[in-house]
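Novice: So that we are looking at the same thing, I have put the structure below in structure tokens.
What follows is calculated from the coordinates using simple rules that are stated; it is not laboratory data. All values derive from a computational prediction rather than experimental measurement. Here Cβ is always computed from backbone atoms with ideal geometry, including for glycine, and neighbour counts include all displayed protein chains.
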Amino acid sequence: MNYQEFLHSIASPNPPAGAERLVEALWHLKKDHWDEAHDIVQDDPGADAAWIHALLHKIEGDNWNAEYWYRRAGVKNPALSKDEELETIARKLLSSPA
């Protein structure tokens, strides 16, 4: 799946079949399903999950918690909108081999 296919999938009622869990988390976030996205990344120890977790808390306005997760991700909090940061993460995940 590429980024354009990911965007197209947002119109569907369910995440794309076979999507990796972190892509599914971004799909939920793009649809403003904060809790579903958080449930997916909450217990994932990976850096990409931590980055998504940081974005979730940034959106929530919990900046202290967001900064904690950015540190865990090894990513500096970017001065991007929610959609720009989500796109950055999605493009990274979708360009990585499974």
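Novice: Over the Cα atoms of the chain, how large are the radius of gyration and the largest Cα-Cα distance (Dmax), in Å?
Specialist: Taking only Cα atoms of the chain, I get Rg and Dmax of 12.4, 35 Å.
Novice: On to the next question. Please give the helix 82-95 orientation as an angle from the longest Cα principal axis of the chain, in degrees from 0 to 90, rounded to the nearest 10.
Specialist: 60
Novice: So, one more: In deg cm²/dmol, rounded to 500, what helix-only [θ] at 222 nm does the chain give when every DSSP H run of at least 4 residues adds -39500 (n - 2.57) and the total is split over its residues?
Specialist: Details: 6 runs with 64 residues, N = 98.
Value at 222 nm, helices only: -19500 deg cm²/dmol.
Novice: So how do LEU94, LEU55 line up by other beta-carbon neighbours within 10 Å, fewest first? Provide the component values of the computation, followed by the final result.
Specialist: Working: LEU94 17, LEU55 28.
With the fewest neighbours first, LEU94, LEU55 line up as LEU94, LEU55.
Novice: Give me VAL23, VAL75 ranked fewest to most by other Cβ atoms within 10 Å of their Cβ, as a rough exposure proxy. Write out the running numbers ahead of the final one.
Specialist: Values: VAL23 22, VAL75 18.
So the ranking, lowest neighbour count to highest, is VAL75, VAL23.
Novice: Grab the other residues whose beta carbon is less than 12 angstrom from that of LEU22, score K and R as +1, D and E as -1, and report the net.
Specialist: On the way: positive: ARG21, LYS92; negative: GLU20, GLU24, ASP44, ASP48.
With Lys, Arg at +1 and Asp, Glu at -1, the net is -2.
Novice: With axes computed from alpha carbons, what is the tilt in degrees of helix 63-73 against the longest principal axis of the chain, rounded to the nearest 10 within 0 to 90?
Specialist: Tilt relative to the chain: about 70 degrees.
Novice: Right, here's the next one. Note the count of lysine pairs whose C-alpha atoms are less than 19 angstrom apart in the chain, limited to pairs 8 or more residues apart or on different chains.
Specialist: 9
Novice: Please report the net charge: other residues with Cβ closer than 13 Å to the Cβ of ALA73, K and R +1, D and E -1. Walk me through the numbers before you get to the answer.
Specialist: Numbers: positive: LYS58, ARG71, ARG72, LYS76, LYS92; negative: ASP44, ASP48, GLU67, GLU85.
Result for the local shell: +1.
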